[in-house]
1. Quick check on segment 80-138: what does the Kirkwood estimate of hydrodynamic radius come out to from the alpha carbon pairs, in Å?
2. Regarding segment 362-423, what whole-number volume in Å³ per residue does the convex hull of its Cα atoms give?
3. Residue-wise, which Karplus ³J(HN,Hα) couplings in Hz belong to segment 371-379, taking 6.51 cos²θ - 1.76 cosθ + 1.60, θ = phi - 60°, and x for glycine or proline?
4. Tell me, what are the semi-axes, in whole angstrom and largest first, of the equivalent ellipsoid of segment 177-310 as set by the roots of 5 times the Cα gyration tensor eigenvalues?
5. Could you sort out which of 27/63; 89/166; 106/133; 89/212; 306/364 sit more than 19 Å apart by Cα distance in this structure?
6. Would you mind estimating how fast segment 73-226 diffuses translationally, via Stokes-Einstein at 37 °C and 0.692 mPa s with the Kirkwood radius over Cα pairs, in µm²/s?
7. For segment 349-357, what does the Karplus curve 6.51 cos²θ - 1.76 cosθ + 1.60, with θ = phi - 60°, yield as ³J(HN,Hα) per residue in whole Hz, taken in order and with x for Gly and Pro?
8. Using the Kirkwood formula over every pair of different C-alpha atoms, what hydrodynamic radius in Å results for segment 146-185?
Amino acid sequence: METEIESNSTNRFKLWSELELQEFTDKFVIKSMESPEEGFSISRSDGTIDNLNGDDSSEVPSKVSTVYGVAGTIRLLAGTYILVITSRKEVGTYLGFPVFLVTSMKTLPCNETSRFLTNEEKKDEAYFMTLLKIVESTPGLYYSYGTDITLNLQRRSKLAKGWMSKPIWKQGDPRFVWNRNLLEDLIENKLDGFVIPLLQGSFQTGEMKLGKSPAVIKLFSRRCTRRLGTRMWRRGANLEGDTANFIETEQLLEFGDHISSFLQVRGSIPLLWEQIVDLSYKPRLNIINHEDTSKVVERHFNDLLKRYGGCIVVDLTNQQGDEGLLSKAYAEEMHKLPNVRYVSFDFHHSCGNGNFDNIELLYKEISEDFENQGYLILDPEGKILAEQKGIIRSNCIDCLDRTNVTQSYLAQKSLNSQLQKLGALSSEETLSMFIEDFELFKTLWVEHGDEISLEYSGTHALKRDLVRYGKQTMSGIIKDGMSAISRYFLNNFQDGLRQDASDLISGRYTVNRNGSSPLSPKGFESISYLPVASALVIGGLTVTSITLNQAGRNAQHLLSSMVCAGLTAGLMALIKSNGRQICSRPRLCGLL
C-alpha cells in the first residue's frame, strides 16, 4: 500500500544494508558493499573510530566477512568492544519497508590493554564478557534499513513533512531504542548510514481473505528500555514513574488503500514494590513504603496522558492474598487521579475454571469509553479520517499471561469495528464468522504473547489456549505446567545474570576502573553454595531412603533412618531460610 507517509520519504537518509567486515592486525574496517567508499575503521588497540573518507589501504585483510549492521560499541575495563549483526531474517514489511529480525550477533574486541589489568580486573572483565554473550543472544530484536519502526502510526502521521529525510536514529522514539546507549560513538563520528536503532518486542503479520476482501493484519509491540530487565528483578516502577515490562502494542490493518491502527499498552503496577526470589514457587510481594509513591504514580500517568490522550486502567490482579494487597494499594493511588479511569477485574476469579466467556463482563464495563477512544484510519494520501483518542492500559502481576488474553480480546473487538468501518465486513458480520481468518488472528496473538514472555520471563506465555481456543485444553495445561517449572528455574538460578546483562547494555550500570568490583563477596555466593547445597540434600535423601529400606531388619537401622531424615529436613530448612542468598542475584545494580 502506498500512502503519503511513504511518498514523503523519497529523500530519506540511506542506511547501508550489507556491510563488509575486514579484519587487519591493527584495526577492523567496516564498509558498505553498495558504496565501498562509505565506511569506517576502528582501532584494535584503543577502539578509536576513523571515517574512511574514500581511503583504500593496499594492505590485505586477514579475514573478510559479511555483516548486516552495527549494533554499537561498549567500553569495559580492557577497552572498547563492537557488536555487529551477523545474521538476520526478513519477517515482513512496515508501511512498505522490509522489517528484519536479528538472528545472531557477535562481539569484536577492539583493545589490547587486557594484559595490563590486575587479577581482580581480569575476573571482572571475564564476568562482563559472560554478560555480552547473553546480550548476543537477546531475543526479539527488530529493525528496518528504510524507516524508523519505533513510532506508532498515529504519532508519525502527525509529524511535519520531510521528517523522514533525517537520519533514522533521529526519527524515532528513544523509549523503544534497545541499543541507544551503544550508538553514541557512531553518532559522534557522524556515521549516520551505519546507525541502526534496534527495537525489542514482537512483529507478526498475516493475510486474511475475508471472503473476497483480502486484508493484511500486523502486530507490532515495542518494549520500553527505561526499566528494562527480567521478571523478578524488575518489578513495579522507579522513582521517575517508569515501569517494568512496559510495552506498546499496535495492531495494524491494511485494507484496500486504507490503513488503520489500534494501540494498547501494558506495564507493571506503577507502585514501588518487589518480589525477590527465595526458592519459593511464588515469592512474597513486598510494597515499598516511600514518601514519593503518589508522585511516582502521577508521573507515570501524566506521561501516558501526554502521549496517548485519555487512559482506562484495567487491573487484572487477584483480589486475595498478596496480589489483593498490591491491587488495593494501586486502587487507592488511582482514586487520587481525576483524569484516569481505574477498573479492577479479578481475572482468575471471573474467568477461571473454563469461564473465559466472563471476560465479556469486563468489556461491558468499559465498552462505552473503549468505543469512544476509537482507532486511527488513514486514507491513501495519509490524511487522518479517524483518530484514536485514548489508550487502554492493562496489567496483571507479570503483564504477560492474563494481560495478553485480555489485550487479544479487546483487539478483536476493535478489529471487528475497523473491518466494518472500512467495508470489509457488513454491520452484521464479525471476524469469528470466518474460521480460517479467525484462526490466523488468534495465532498471531499467541505468537506475539510468546515472544513478549520470552523477553521478560524466559519462557513461552501461559494461558495460550485461552487466546487460541477460548478455553483450556489438557495439552495446554501440560505445556503451561512445563513453562511454569521453567520460569521457576530461570527466575531462581539464571535471571541474576540476565538482569546484569540488561543493566550493562542499557547503560544503567557504568563500568569504572576506579569503582568497586561487582564480584566482591556479598554473603553467600549462589555459584558456590547451590551445587553444594543440592548435593547435600540429594545425599541426605538417598541415605535416608537406603536406611528406611533396611529399617525392618533391626532397630539400629530405624534409628539411623530417623537421624538421617532429621538432618536432611534441617538442612532443607536451612537452605530455604537462606533462599535469597542461594538464588541467582544481580550484581551490578539495585532494584529501583
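The values are calculated or read from the model by the stated rules, or taken from the named source; none is laboratory data. Every value quoted in this text rests on a predicted model; they were computed, and no experiment measured them. Side chains included, ligands, DNA and RNA excluded: accessible areas come from the protein's heavy atoms. Shrake-Rupley method; radii C 1.70, N 1.55, O 1.52, S 1.80 Å.
1. This gives a value of 13.7 Å.
2. Output value, Cα hull per residue: 97 Å³.
3. 5, 5, 5, x, 7, 8, 10, 10, 7
4. They are 33, 23, 17 Å, listed largest first.
5. Pairs exceeding 19 Å: 89/166; 89/212; 306/364.
6. 187
7. Values per residue, Gly and Pro as x: 5, 7, 10, x, 6, x, 9, 4, 4 Hz.
8. After inverting the mean inverse Cα-Cα distance, the result is 10.9 Å.
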